[in-house]
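S.K.: I am attaching a structure below and will ask some questions about it afterwards.
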Amino acid sequence: MHNAAFRALGLNWVYVPFPVRAERLGDAIRGFRAIGVRGVNVTVPHKRSAMEWVDLLGPEAEFIGAVNTLTFQSDGTVRGDNTDARGFLAALQEAEFPSVEGQQVVVLGAGGAARAVVAALAQAGAQPIVIANRTVEKAEQLAEELQARLGIKAMGIPLLEAAVQAVLHETVLLVNTTSAGMEGKPPLEFNPELLRPPLAVCDIIYTPPETELLRAAAARGCRTLNGVGMLVHQGAIAFELWTGIAPPVEIMREALLNALNP
Ligand code: ATR
């Protein structure tokens with residue numbers, strides 16, 4: 001999607017993949033900076049460790065504890081951003097999802113992706129934020145961090161039907177950030193009877209484009225959104241950080257969809 005954007009705008013830039021071993025990350029980042037690379041995306045397994053090589057952190061990265069975008073600035077410093085949070089919010093807005101301000105939301109999962117999503121929801125004014133996770137201790141820990149560091153009312157609960165059912169009736173948005181339901185993995189165990197409008201349901205998974213959770217939600221009349229928008233927008237925000245140019249979002253989305261469904 002980045003190369004499609006560069007081509008569309010006539011920019012003589014290129015986006016290329018580099019496999020980097022964990023123990024060589026520092027060398028790789030110093031090397032990229034030395035040869036005048038403008039920026040990189042970092043992904044598994046480097047999202048947390050890349051923070052060590054950053055001089056300045058973007059607004060959400062500190063809370064999330066991970067970066068996905070590095071920008072080598074003209075003064076020689078390295079800026080680290082996590083564009084997943086802003087990408088998630090941009091996708092919700094683009095889909096004209098109802099505002100979460102002052103509203104209860106439920107996030108399924110408490111891993112790295114959940115951290116980006118709760119940071120975004122906190123920024124959008126959602127409150128309280130309920131985190132439901134298979135390992136309930138991780139949900140409780142993330143809820144405590146939200147409260148202590150961002151001053152957001154939050155609660156961790158087990159990802160069990162009775163517990164989720166007890167909170168869902170007052171909830172405007174349910175977001176799945178677990179990997180359950182991804183292609184090649186078993187679906188999320190979730191009773192579809194719990195899903196009913198006006199609840200809106202978002203799954204940040206983009207392969208498959210419609211998870212069982214989303215299919216069940218749509219069948220019951222809920223508004224639904226998959227992870228394609230978040231993926232496009234996190235990239236578009238990185239594009240803008242690097243180039244300073246407004247990203248051609250539709251061109252990026254088209255390239256991404258072509259790559260996902262060749
Ligand atoms: P990511 O960075 O993608 O969030 P992660 O940090 O490994 O990856 O987190 C994966 C999340 O998916 C966790 O919340 C995990 O629950 P646990 O903390 O209990 O491991 C959740 N998850 C993975 N498979 C799951 C399943 N089959 N059912 C429910 N939750 C699942």
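Derivation of every value follows stated rules applied to the coordinates shown; laboratory data play no part. Predicted model, so just to flag it, every value in this text is computed and none were measured. Cβ coordinates were reconstructed from backbone atoms using ideal geometry, including for glycine residues, and neighbour counts include every protein chain displayed.
S.K.: Can you give me the long-range amide H partners of Val107? Hydrogens built in the peptide plane at 1.01 Å from N, cutoff under 5 Å, separation of 5 or more residues or another chain.
M.R.: Val130, Ile131, Ala132, Val175
S.K.: Work out the charge dipole of the chain with +1 on the Cβ of Lys and Arg and -1 on the Cβ of Asp and Glu about the Cα centre, then indicate which of Gly36, Gly111, Leu142 is farthest towards its positive end.
M.R.: Working it through, the farthest residue towards the positive pole turns out to be Gly36.
S.K.: With Rg and the Kirkwood Rh both taken from Cα atoms, where does Rg over Rh land for the range 180-256?
M.R.: Ratio of gyration radius to Kirkwood radius for the range 180-256: 1.10.
S.K.: Read phi for every residue in the range 199-211 and hand back ³J(HN,Hα) as whole Hz from Karplus 6.51 cos²θ - 1.76 cosθ + 1.60, θ = phi - 60°, with x for Gly and Pro.
M.R.: In residue order, the calculated couplings are 4, 9, 10, 10, 10, 7, 5, 10, 10, x, x, 10, 6 Hz.
S.K.: Another one. Share of antiparallel DSSP beta bridges in the chain, in percent to the nearest 5?
M.R.: Roughly 25 percent of the DSSP beta bridges within the chain come out antiparallel.
S.K.: A further question follows. Amide H of Gly39 versus every other amide H placed in the peptide plane: which residues, excluding those fewer than 5 positions away on the same chain, fall under 5 Å?
M.R.: It is Phe72, by chain and number.
S.K.: Which three lengths, in whole Å and largest first, does the range 108-262 cover when its Cα atoms are put on their principal axes?
M.R.: Cα spread of the range 108-262 along its principal axes, largest to smallest: 44, 37, 28 Å.
S.K.: List every residue whose amide H lies under 5 Å from the amide H of Val201, counting only residues 5 or more places away in sequence or on a different chain, with H placed 1.01 Å from N in the peptide plane.
M.R.: Those lying under 5 Å, H to H, from Val201 are Leu174, Arg223, Thr224, Leu225.
S.K.: For the chain, taking Cα atoms only, what is the radius of gyration to one decimal and the Dmax to the nearest whole Å?
M.R.: 18.7, 56
S.K.: A follow-up question, please. What are the ³J(HN,Hα) values, in whole Hz, obtained from phi via the Karplus relation 6.51 cos²θ - 1.76 cosθ + 1.60 with θ = phi - 60°, for each residue of the range 12-22 in sequence order, with x given for Gly and Pro?
M.R.: Values, residue by residue: 7, 10, 9, 10, 10, x, 10, x, 10, 6, 3 Hz.
S.K.: Mind listing the phi-derived Karplus ³J(HN,Hα) values for the range 181-191, rounded to whole Hz, using 6.51, -1.76 and 1.60 with θ = phi - 60°, and x for any glycine or proline?
M.R.: These are the phi-based 3J(HN,Hα) values: x, 5, 3, x, 10, x, x, 5, 7, 8, 6 Hz.
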